[in-house]
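Have a look at the structure below, then the notes.
Just so it is clear, none of the values below were taken in a lab; they were calculated from the coordinates. These figures come from a predicted structure and were not determined experimentally. Positions of Cβ are backbone-derived with ideal geometry, glycine not excepted, and every protein chain shown enters the neighbour counts.
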Amino acid sequence: MIHRALLLVNPHARQGQKRLSEAIHCLKQLGLDLIEEYTEQPQLLDGIIKRYQNEVDLVIIGGGDGTLNAAVDALVETQLPLGILPLGTANDLARTLEIPNSLPEACKIIANGEVRRIDLGWVNGKHFFNVASLGLSVKITQKLTKQVKRRWGILAYAITALQAIWESRPFSAEIRINDKSTLVKTVQIAVGNGRYYGGGMAVAPDATIDDQRLDLYSLEIQHWWQIIPLLPAMRQGRHIHWREVRALSGQEIEVNTRKPRPINTDGEITTYTPAHFRVIPNALGVLVPSNE
């Protein structure tokens, strides 16, 4: 069966421009009929998807997590299935869904894979795939420029994180979950819907993108150097067992701070506290590797 697909590529993604022709050739060889659209402004993706919603069977996005995040609201509204070409730096959503970085393999999944319904996170009207967070991660986002990512690739996350950790200072916040309020002094609060974020760190050891829950952790350290021994544990999500980390989970979470603090969703700053988070179960269909 020939599928007509809207192919959206961010040419600024780490591998977007370089591997674009390879992706188009591969998808056409596999029998997909493509409508190709390119934009250097991710905020325009929403309008492009809505414009073609009645002409295509699915949307294929080539880029990283930031590009996917820019398109997520339109994907929810149109309910078109999503195919992912992991052309970004971290590709955390692809990692969560076990979509390989190999472009030919990713194309085969789009052509022959199965549609899996996944949950989405939601904060103050904005959907997200992986994680929404405030504090340290926002400083990392602000420092993680396109030039740094292009030069260092996945290492850019570690290099930038070390710079941001040095400058981080604790802030006060109120976390309300399951009708219980907790006051914390923290350097970071992260609320995860998927499993991976930040270049391969895990939200929690058992987190999945269809478990119909949000996993929160609050990083409650007093001095910057206390995070150093935590970093290896964060790769597997085992940091939630450390004394300096508060771990909570639920379907709805509220976070309040004394003054508005920026929140990043999938690596892009999109809203501010006070924040109301919730999980949207089975929100979107995504093409993933077949179990057969």
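Once you put a point 7 Å from the Cα of Asp57 and another 7 Å from the Cα of Arg4, both along the Cβ direction, what distance in nm separates them?
1.1
Using only the alpha carbons of segment 4-112, determine the length spanned along each of the three principal axes and report them from longest to shortest in whole angstroms.
Sorted largest first, the three principal extents are 29, 28, 24 Å.
Using a 10 Å cut-off around each Cβ, can you sort Trp122, Trp242 from fewest to most neighbouring Cβ atoms?
Arranged by neighbour count, lowest to highest, Trp122, Trp242 become Trp242, Trp122.
Evaluate the distance, in nm, between pseudo-label points positioned 7 Å from the Cα of Ser172 and of Arg258 along their respective Cα→Cβ axes.
About 0.5 nm, to one decimal.
When a footprinting reagent is the concern and you count Cβ atoms within 10 Å, what order do Asp211, Asp179 take, fewest first?
Least to most surrounded, the residues fall as Asp179, Asp211.
For His127, His25, His241, His276, what's the fewest-to-most ordering of other Cβ within 10 Å of each Cβ?
His241, His25, His276, His127
In the chain, what percentage of the DSSP-assigned beta bridges are antiparallel, given to the nearest 5?
Percentage antiparallel, nearest 5: 75.
Could you tell me the relative contact order of the chain? Use alpha-carbon pairs under 8 Å, at least six residues apart, and round to a whole percent.
For the chain, the relative contact order is 22 percent.
Run the Debye formula on the Cα coordinates of the chain, all scatterers equal and no solvent, and tell me log10 I(q)/I(0) at q = 0.12, 0.15 1/Å.
-0.73, -1.12
Please give me, ordered by residue number, the trypsin sites (Lys or Arg not before Pro) of segment 189-292 that lie in loop per DSSP and have at most 12 other Cβ atoms within 10 Å.
Those satisfying the criteria are Arg243, Arg258.
If you fit an axis through the alpha-carbon atoms of helix 103-112 and take the longest principal axis of the Cα set of the chain, what angle between them do you get, 0 to 90°, nearest 10?
Rounded to the nearest ten degrees, it is 70.
Convert 37 °C to kelvin, take the viscosity as 0.692 mPa s, use the Kirkwood radius over C-alpha pairs of segment 173-292 as Rh, and evaluate the Stokes-Einstein diffusion coefficient in µm²/s, rounded to a whole number.
214
With θ taken as phi - 60° and the coefficients 6.51, -1.76 and 1.60, list the Karplus ³J(HN,Hα) couplings across segment 177-192 in order, rounded to whole Hz; mark glycine and proline as x.
Once rounded to whole Hz, the list reads 8, 6, 6, 10, 9, 10, 8, 10, 10, 9, 9, 7, 10, 10, 10, x.
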